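As structure tokens, the structure follows; a few thoughts come after it.
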Amino acid sequence: MLTEDEKVRIRHHLGYLNVQEAQTFVLGIPAAVQTQFMIEGAFAKVLPQAENLLRTLLCRCDEIEKQVFGGSDLADVTKTGNIEVNPKRLADLARYYRIAQQGMTNLLGVTANPFDMREWVMSGVGINVPVR
């Protein structure tokens, strides 16, 4: 059984809100909506045998995010002596993050929030929508 803390972290890494309800406009009138029914429903249906894999992917996302923020001081440095900082470091971390994130979305049967506002995660990622 997933803990409430794990659910909070999963929502965060998949770009979903951690609020009870969100506000939007319907026909110009403010209205409350439940925007996360898919992910909340998926939490209740995770197979017990899949929980360890989900936790592994969750921890991987946590670790990568810590590296992103823990290495933010490298943004000001390109070279010190013979040591050069990898200029593609953030892009590489974002790619590894998305791999773990996609593993969680596959396991849960949901998509990551396409409106995720974290630029380092979503840079270069578009929204694919079939057009008829």
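The values are calculated or read from the model by the stated rules, or taken from the named source; none is laboratory data. Keep in mind it's a predicted model, so treat the numbers as computed, not measured. For neighbour counting, all protein chains shown are included, and Cβ atoms are generated from backbone atoms with ideal geometry for every residue, glycine included.
For this structure, a couple of remarks:
- Remark: pairs (first residue in the stretch 58-79, at pLDDT 75 or above and surrounded by 15 or more Cβ atoms within 10 Å (Cβ to Cβ); second residue among the polar types (S, T, N, Q) and part of a helix (DSSP H, G or I); Cβ separation under 8 Å; 6+ apart in sequence or on different chains) = Cys61/Gln101.
- Of the listed requirements (1) part of a loop (DSSP other than H, G, I, E, B); (2) within 30 Å of Leu107 (Cα to Cα), Pro87 misses just one: (2).
- Among the numbered conditions (1) free of Cβ contacts under 8 Å to residues at least 24 places away in the same chain; (2) under 21 Å from Tyr16 (Cα atoms), the only one that Thr105 does not meet is (1).
- Neighbours by Cβ (under 7 Å, 6+ apart or cross-chain): first from the stretch 26-48, closer than 14 Å to Thr105 by Cα and exposed (fewer than 14 other Cβ atoms within 10 Å of the Cβ); second modelled with pLDDT of 85 or more and aliphatic (A, V, I, L, M): Met38/Val110
- Which listed residue is under 19 Å from Glu6 (Cα atoms) and at pLDDT below 95, from Met104, Met38, Met117: Met38
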